[in-house]
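Throughout, read-outs are computed from the coordinates displayed, never taken from laboratory work. Only a predicted model underlies this, so the values are computations on that prediction, with no experimental measurement involved. Cβ placement follows ideal geometry from the backbone for every residue including glycine, while neighbour counts extend to all protein chains displayed.
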Amino acid sequence: MIEAVAGVEFGAAWDFAPASAEVVNTLRGEYRTSAFLPAIPPTPVGEGDSVFQTFFSAGVGPAPVRLQLTSADNVWVAQLQADRLTVNWRRVNEGTVYPGYGEMQRRLEQLLAAVTAQIPGGALRPTTLEYTYVNGINRPAPEVFRLLNPDVFGDPDLEGVEVRFQVSVPNPSGRVALSVEPRLEGGQRGSVLTVVSNYFVAGAVDMHHLLQLVDSAHVQARHAFAWITTDAARFAWGESQHDND
C-alpha cells in the first residue's frame, strides 16, 4: 500500500479563514509545515453510473483553497477546507511502514475535534464519508487484472491499460469504486489499484456516530479489496505489516 485516506465532507458551517489558524495552532505538535493549495471539488453523489454534481461559480472573488498540514517526516498529511477534511498516510520510501488503522483513526478524531471546536454548536453536517486504499503493484495493469479473483472477473482477455468499474453498497447509501491505472516509477511499468469507499449521509452527526460511519467506510474498503483479490495475489504483490488493517 502506498497511501490511505480517511475523510469527511460536510456542509460549510464555519468561517474557514480565521478558524483554520486556530486548527493549525491546535495541531502544531503533530504537523510541522503548512501550505495553501486549490480546494478539492465535492464528491459526486449518486448510485451506480447515475451520479450528479452541481457547481456554482460567481466569477469573482478568490478561488476556494484548502490548508495542507504535513508531519516532520512527510508521512502524515492533514487537509481541511471550508467543506472537507482528510487525513492521509503516505509511503515516502521503502522503509515506511503503515502503522495500521488505529493511528489513522486517532489522527482523524484529533482533526475532527480541532475543526468542530470552531463550529457553532460543535456538530458537523456531513454529506460524504470516505476511506481510500491506494496500492502500488509492480506489474502492468492487464497483468494485475489477470491476478484478480477469477470468481469475480472470470478470465478476461485484457489489452487495455485502464479498466474502471463501480458497485453500490446499501444502508446508508454509498458507493465503492475500484480502479486499476498504469504507473511508471524508476523506469518500470507498474499499476495503481485504488479502492474508494464512500457513505452518503444527511443531518447533524455527533463525533461518536461520525467516527462509527468512517469505520464502516474503512471496513467496506477492506471487504472490497478482499473480494476482488486472492491470497496468492496479495502475497505476490507483497504487504507490509499492517497493510490489511
Cβ-derived FRET efficiency at R0 25 Å, Val65 paired with Val219, nearest 0.05: 0.15
Stretch gain in nm, segment Thr26-Ile119, where the contour uses 0.36 nm per residue and the Cα spacing is subtracted: 32.0 nm
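Arranged from highest to lowest average of other beta-carbon atoms within 10 Å per residue, in what order do the peptides 101-112, 80-91 appear? Show your work: numbers first, answer last.
On the way: 101-112: 18.2, 80-91: 21.6.
Highest to lowest by the protection proxy: 80-91, 101-112.
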Packing rank of 201-214, 121-134, where each peptide gets the mean count of other beta carbons within 10 Å, highest leading: 121-134, 201-214
About the Cα centre, charge dipole magnitude for region 84-130 (Lys/Arg +1, Asp/Glu -1 at Cβ), debye: 120
Sites Ser34 and Arg189, calculated FRET efficiency, Cβ-Cβ separation with R0 45 Å, nearest 0.05: 0.80
Interchain or long-range residues, amide H under 5 Å from Leu124's placed H: Val205
Derived scalar couplings ³J(HN,Hα) [region 200-206; Karplus, 6.51 cos²θ - 1.76 cosθ + 1.60; whole Hz; x for Gly, Pro]: 9, 9, 8, x, 5, 9, 6
